Amino acid sequence: MKPIKATLAAALGAAALLVWYWQDEQAEQQRLAAQQAAEAAQRAADAGKNTGLRDLFATPAPASSASGTQSGDAWQALNAAAAQHSGEPGEAAEPKLEPETAEQLALNDSLRRLGYHIDERYYRMPLAELRRTAASNDRQALTHLAERYLFALDGKPTEPEFEPGFAYRDAARQALQQAYLAGNLHAAAMISEAYLIERRPTDAAAWNLIAQRVGDKLSADWFLTTRDYQQLSDEQKQLAARQADTIWAQLEARKRSNG
């Protein structure tokens, strides 16, 4: 190839490369812009709504986590906070995700102190196995069983493990009460959230008071910001306080009997 032709070919090749690079950059910018627009639209759609524990645990779930249902729903994200610290004594360490903010650090520390922890293996359990494990009063299994009921199965008839007619929300609250008695004090706030999902704010407020008593400050404070709580009348708040006293007494009695 003559020098002038070689030079021209090289120039054209470089120009083509620049065009490709520019187009790739443009495509990436468009993708990011579309993603940001979708996130903004979702935030606008969720404004004023109680979007549940997803607001508290917004960190993506570990990539290695998987459920027996292979569901991508919110219950996976709930446990991401638990995966931010190593396992309890005698348990395999979980993947560690670096907390991004002081708020996330505070949340992780609060969850550890309250006894909220779920090992990675529970994500992979089929529902039948998870139920058997929970029946042995395994705190982690009980907690995750409730989460799976609430966020992976309730109202999702297309899920392979969905059972028509099964009272998922009642069963989830029962499992969370057992988890609470087994040492997961954060379960009180989770029960409060379960009632919020059902639009039962007085019951949610009662369990929020239990969460406050056990020191689950971050969850309890979050609940006070919800529209459902802010719309409670003084009479409803007084009713919630009386319910909380009754619930507390019942829980303490069950602790003593389990003693």
- Query: Which of (1) in a helix (DSSP H, G or I); (2) farther than 24 Å from L130 by Cα does L232 not meet, given it meets every other one?
  - Reply: (1)
- Item | Answer residue from the range 123-146, given it is modelled with pLDDT of 95 or more, assigned to a helix (DSSP H, G or I) and not hydrophobic (A, V, I, L, M, F, W, C) and is farthest from A187 (Cα to Cα) among those | E129
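On the basis of being under 21 Å from L142 (Cβ atoms) and touching a Ser or Thr at 6+ places or on another chain (Cβ under 9 Å), does D170 make the cut? Don't jump to the end; show me each part of the working.
On the way: under 21 Å from L142 (Cβ atoms): yes; touching a Ser or Thr at 6+ places or on another chain (Cβ under 9 Å): no.
The answer is no for D170.
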- Note on the structure: Only one of Q250, Q231 is under 18 Å from I197 (Cα atoms), surrounded by fewer than 16 Cβ atoms within 10 Å (Cβ to Cβ) and of a type in the set (S, T, N, Q), namely Q231
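Can you tell me which residue among S257, S233 is among the polar types (S, T, N, Q) and at pLDDT below 90?
Working: S233 fails: at pLDDT below 90.
Checking each option against the conditions leaves just S257.
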- Query: Taking L185, is it under 17 Å from the mean Cα position of the chain (by Cα), of a type outside the set (S, T, Y) and not in a helix (DSSP H, G or I)?
  - Reply: yes
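Within the range 195-219, which residues are aliphatic (A, V, I, L, M), over 22 Å from E235 (Cα atoms) and under 18 Å from the mean Cα position of the chain (by Cα)? It would help to see each step written out before you state the result.
Start the filter on the range 195-219 by keeping residues that are aliphatic (A, V, I, L, M), which leaves 196-197, 204-206, 209-211, 214, 218.
When the remaining residues are screened for being over 22 Å from E235 (Cα atoms), the result is 214, 218.
The one that is aliphatic (A, V, I, L, M), over 22 Å from E235 (Cα atoms) and under 18 Å from the mean Cα position of the chain (by Cα): L218.
Considering only the range 150-182, state which residues are of a type in the set (F, W, Y) and under 15 Å from the mean Cα position of the chain (by Cα). Steps first, answer last, please.
As a first pass, look at the range 150-182 and keep what is of a type in the set (F, W, Y): 151, 162, 166, 168, 180.
Hit for the range 150-182 is F151, nothing else.
The values are calculated or read from the model by the stated rules, or taken from the named source; none is laboratory data. Note that the coordinates shown come from a computational prediction; the quantities given were computed from them, not determined experimentally. Glycine also receives a Cβ, built like all others from the backbone with ideal geometry; neighbour counts cover every protein chain displayed.
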